[in-house]
Amino acid sequence: MDWERRLRARLAARSAPKKSEQELKDEEMELFTKYYMEWKGGKKSDNMSYANIPRFYYRLPAEDEVLLQKLREESRAVFLQRKSRELLDNEELQNLWFLLDKHQTSPMIGEEAMINYENFLKVGEKAGPKCKQFFTAKIFAKLLHNDPYGRISIMQFFNYVMRKVWLHQTRIGLSLYDVAGQGYLRESDLENYILELIPTLPQLDGLEKSFYSFYVCTAVRKFFFFLDPLRTGKIKIQDILACSFLDDLLELRDEELSKESQETNWFSAPSALRVYGQYLNLDKDHNGMLSKEELSRYGTGTLTNIFLDRVFQECLTYDGEMDYKTYLDFVLALENRKEPAALQYIFKLLDIENKGHLNVFSLNYFFRAIQEQMKIHGQEPVSFQDVKDEIFDMVKPKDPYKISLQDLINSSQGDTVTSILIDLNGFWTYENREVLVASDNDSTADADDT
C-alpha cells in the first residue's frame, strides 16, 4: 500500500546521518545557483555588452603579500622606463632645432626666426615619430600671435617642446618616489626626492650634511602648506607639476643665480638658513621647541597675546610648545598673507566660534588686544566701530553682518584685514599709510634732486 511505502521512507530518513551546517549551506548555495542560472538563461537580452565589460578594479596588495608588492613595483619601474625612452633626448632635440632653423620662413621679425604651417608640417615629417605629437594644428594655432604672414616663432615652439619634455621627465622622476603608485606623494616620499636632489643643485653645495634634514623639512613644508590645504598628508604629482615651487627649487641648478633671486627663493640656502636661524634665536631655553613667550618675539614682536593664544590652541603642540615643523607653517602663513592657503590658516585662528565666518564679536575680540597694546605704547586707542566699518568696507562681504573666508580671498584685502587684527605693527602701518606714502614720495623727490 502507498501509506506503507511512505512510512518506510520516513523511517529510513530518520535513521540516515544528519547533515552538518556547512553541508546544508553548500546545498542551499548549489540550489540557489542552479535556479538563478535557469532564470537568467530563460530571459534573452537585446544588449549583451555587459558580458564584455573589462575588469576595471585591481586591489592593492596587502602589506603581507610581499611577492605581489614586488611584482607591482617591478612592473611600475618597467612602465616608467618605457615612458622615459619615449621622450626626446639631447641629440634628438638638437636635430629638431637644426630642422626648424633650416625650414624657417622669411622675413624674420627682428632677430626672431619664424616658420609657416606648411614648413611646420615638413619638419614634423622629418623629425621622427617621437616628435609627431608636437606637430599638430592645435599647437600651431596656440602659438600663433598676430603675425601678418600666419607664422609662429621657432624659438617659442622649441621652448614649448622643451617645457613639455621637462614636465614629462619630472613626472617620471617624481613617480619613482610614489610608493603607493596612486599618483600622489606622501610627506616621506617628497622628503626622499628632495634629499636625493640636493647633490644636483650647485647652489646648495655649501650646506653642511648635518643641516640636510632641516633643509628638507623646510622645503617640504612649503609644498604641503600650499598644496595640501585639507592636511591629508599627501599631494598629487599633477599639483606639484602645475605650481611654480618645483621651478623655484630646480632654479638652484643655476651656478650664477643672483643674490637677489636667492633671497626671494624659499628653497635657497640663505633663505633656509635664515628661517632656521630665526627659530634658534627664538628658542631661548635651547630645548628645540618654542613656547608662547618665545614665539611672541617673532618678527617685530608686536603680535597680540590673544592671537598667539589661538595659535597654541589650534596648532599641533607638544606639552604646550611648538616644534620646527609647526613653526614653518606659522612662518609661511604670516609671510604670504595674500595667498588663499595662508588666509585659510589665519582665518581658522580668527574664527573663535568655529562658525565658518567672522562676525562683529570676533573682530572686537581680536581688536581689543590691539587697543591694549596701543595704551601700553602710550598711543590713543582707535575706536573699534571705525575699524569695524573700514574692514567691512574693504571686504564687501555677501552678508553685511559676517565675513567668510571666501569673502576675504575675493576682496584681495585679506592681508590688510588680518594684519589689522593680529599685529600692532600691521595696524600702525595701515593707520599711517597716507603719511608713509607721502614720506616715500618726498624721499623719491630728494633722490631725484640730487
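Observations, loosely collected:
- FRET efficiency, 1/(1 + (r/R0)^6) with R0 25 Å, evaluated for Val179 and Asp323 via beta carbons: 0.50
- Base-10 log of normalised Debye intensity for segment 119-197 (one unit scatterer per alpha-carbon) at q = 0.19 Å⁻¹: -0.82
- Accessible surface ranking that places the most exposed of His377, His357, His168 first, with a 1.4 angstrom probe: His377, His168, His357
- Assigned charges on the beta-carbon of Lys, Arg, Asp, Glu; the chain dipole about Cα centre (debye): 3540 debye
- Percent accessible area from carbon and sulfur atoms, the chain, protein chains only, probe 1.4 Å: 52 percent
- Of all lysines in the structure, those lying under 22 Å Cα to Cα from Lys122, and not within fewer than 8 positions of it along the same chain, are Lys102, Lys130, Lys132, Lys138, Lys142, Lys164.
- For segment 177-240, applying the loop criterion from DSSP together with a ceiling of 11 other beta carbons within 10 Å to the trypsin sites (Lys or Arg not before Pro) yields Arg231.
- Qualifying GluC sites (Glu not before Pro) in segment 250-298, DSSP loop, other Cβ atoms within 10 Å at most 11: Glu255, Glu256
- Global form of the chain, assessed from the alpha-carbon gyration tensor, a/c cut-off 1.5: oblate
- Gyration tensor verdict on segment 288-434 (Cα atoms; rounded if a/c is under 1.5, prolate if a/b is larger than b/c, oblate otherwise): oblate
- Where Cα atoms sit under 24 Å apart: lysine pairs in segment 181-272 separated by 8 or more or lying on different chains: 5
- Neighbour-limited loop hits for GluC sites (Glu not before Pro), segment 154-208 (at most 16 other Cβ within 10 Å; DSSP other than H, G, I, E, B): Glu208
- For Lys348, the lysines whose Cα falls under 17 Å of its own Cα, not counting residues fewer than eight places away in the same chain, are Lys338, Lys402.
- Listed by chain and number, the aspartates and glutamates whose C-alpha is less than 13 Å from the C-alpha of Lys398, apart from same-chain residues fewer than 8 away, are Asp407.
- Ligands, DNA and RNA are left out, and with a 1.4 angstrom probe the accessible area of the chain is 63 Å² per residue.
The values are calculated or read from the model by the stated rules, or taken from the named source; none is laboratory data. Predicted model only: the values in this text are computed from it and were never measured. Neighbour counts run over all protein chains shown; Cβ positions are idealised from the backbone, glycine included. Protein only, heavy atoms only, side chains kept; ligands, DNA and RNA dropped before computing areas. Shrake-Rupley method; radii C 1.70, N 1.55, O 1.52, S 1.80 Å.
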